[in-house]
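For reference, the structure discussed in these notes is given below.
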Amino acid sequence: MSEGAEKVVVIGSGIAGLTAAIYTARANLSPLVLEGDEPGGQLSLTSEVENYPGFIEGINGFDLVQNMRQQAERFGARYEGGRVERLIPGTPHRLELDDGRTLEAHSVIIATGATARWPGLPREREYIGHGVSTCATCDGAFYRDLKVAVLGGGDSALEEALFLTRFATEVHLIHRRDSLRASKIMQKRAFDEPKIKFHWNTAVESIVGEPEEGLTGLRLKDIVTGEQEDLQVDGFFIAIGHVPNTQFVQGVLDLDDQGYLKEGIVTHVAGVFAAGDVRDHVYRQAVTAAGMGCQAALEAERWLAASSLG
Ligand code: NAP
C-alpha cells in the first residue's frame, strides 16, 4: 500500500463531483476534489434552476453549487485546483496533473462533465471577450440595450436567449433546422417572447469584424436557398451542446464515438468510478448527475472497505 496515497480523489467539481464529495466526506474518507478548469461545472454558469427537487421557486445555479461545495467541506472534503492530464491505473492509481504534480489515489471518482462545443468558425476563439461567449449568465449584462444572437435549438440555446432578453433589445435565435430540439415548455416561453427573432434553417458562415475591435455582426446562410445575409449584432452566444471531458482516460476506459464514457458507475478498472455528464448524453440533468455522484461515492466506499483501504 502506498503511504502518500489519497483514499478518494474526485476529479471534477460540478454537481456529480460535489455530491460524491458530500457522501465520501460523510463516510470519513476525507476526499480530495480536483476542481479543474471550470470549478462548479456547467450549473455554476446557469441562471435559475427550476427543476432541482426541493426548491419551490427554483435556485440560482451558482448558489446551488456553492451550497454543495460548503456542505462537503463541512464533513472534511478538501479542494485543489489542477486538471488531470492522465490517469494511470495501478495500486494505487496515479494522476498526472497539468501543473507537473502526480497524485496517488486508491479510488478515483471521475466527474469531469462536458464542456461547451464550438461551431468551428474562422478565428472564433479570438473573439472570446470581444463579443463571442458560451455563457449568457456570465456575459449577458454587457449587452444592455444592444443586439445579440444565439446559436442552437436546444434547451440551452433557449435558456440563454430568454435570459438575454433581460438586457438586449433584440435576441436573434439562429438554428440549422426548422424545428427546435428544446422542451415544449421552453419553446412556448421563447415563442411568447417578442424580443426573440427566429432564423430557421440558418447557419453562421463567419463572424464579421475584427477580434481586437469586437464583432459587428454575423454572416448567415440560408441552408435551403443558399442565400447569404449579414446580421448586425453586438454579441454572439454559442449554445450548441457539449463535448465530454474524457481525454485523460483515452485508452484506459471505454469511450463511445462522441467521447462519452461507455462504462458503468463502477468502471471496469478496479477502484475507478464515474458519475455525471461524462457518462451520460441522454438525461444530462443536475438531479441525475447528483444521483450518479451518490452512487459512485457509495461504490467507492464499499470498494475501499472490501480492499481494507477505507
Ligand atoms: P442539445 O440538446 O444537444 O442541443 C444542441 C443544439 O445545438 C441542437 O439544436 C443542435 O441542432 C444544435 N447544434 C449542434 N451542433 C451544431 C453546430 N455545429 N452548428 C449549429 N447548431 C448545432 O444541447 P443543450 O441545449 O446544451 O442541452 C443539453 C441537455 O441539457 C438536454 O438534455 C437539455 O434538455 C438539458 N438542458 C435542460 C435545461 C432546462 O431544463 N432548463 C436547460 C439547459 C439544458 P439540432 O437540433 O439540429 O441537432
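The values are calculated or read from the model by the stated rules, or taken from the named source; none is laboratory data. Nothing here was measured: the structure is a model prediction, and the numbers come from that model. When we count neighbours, we look across all protein chains shown, and the Cβ atoms used for this are built from the backbone with ideal geometry, even at glycine. With ligands, DNA and RNA removed, areas are computed over all heavy atoms of the protein, side chains included. Shrake-Rupley method; radii C 1.70, N 1.55, O 1.52, S 1.80 Å.
Tallying residues that are outside any helix (DSSP H, G or I), surrounded by 14 or more Cβ atoms within 10 Å (Cβ to Cβ) and either within 20 Å of the chain's Cα centre (by Cα) or away from the ligand (no atom under 16 Å from the Cβ) (or both) within segment 49-76 yields 6.
Residue-level analysis places V249 outside the set of residues that are closer than 23 Å to D37 by Cα, among the aliphatic types (A, V, I, L, M) and within 16 Å of the ligand (Cβ to nearest atom). Taken over segment 237-258, residues that are at pLDDT 95 or above and buried (at least 17 other Cβ atoms within 10 Å of the Cβ) amount to 12. The set of residues in segment 275-310 being buried (at least 17 other Cβ atoms within 10 Å of the Cβ), small (G, A, S) and not in a helix (DSSP H, G or I) consists of A275, G276, G310. All conditions in (1) within 19 Å of the chain's Cα centre (by Cα); (2) closer than 27 Å to A203 by Cα hold for L261, with the sole exception of (2). Would you pick out the residues in segment 90-104 that are open to solvent by 60 Å² or more (accessible area, probe 1.4 Å) and not acidic (D, E)? Across segment 90-104, the qualifying residues are T91, R94, G100, R101, T102. In segment 199-221 there is no residue that is outside any loop (DSSP other than H, G, I, E, B), aliphatic (A, V, I, L, M) and open to solvent by 50 Å² or more (accessible area, probe 1.4 Å). Residues in segment 126-171 that are within 15 Å of the ligand (Cβ to nearest atom), free of Cβ contacts under 8 Å to residues at least 60 places away in the same chain and open to solvent by 20 Å² or more (accessible area, probe 1.4 Å): D155, L162.
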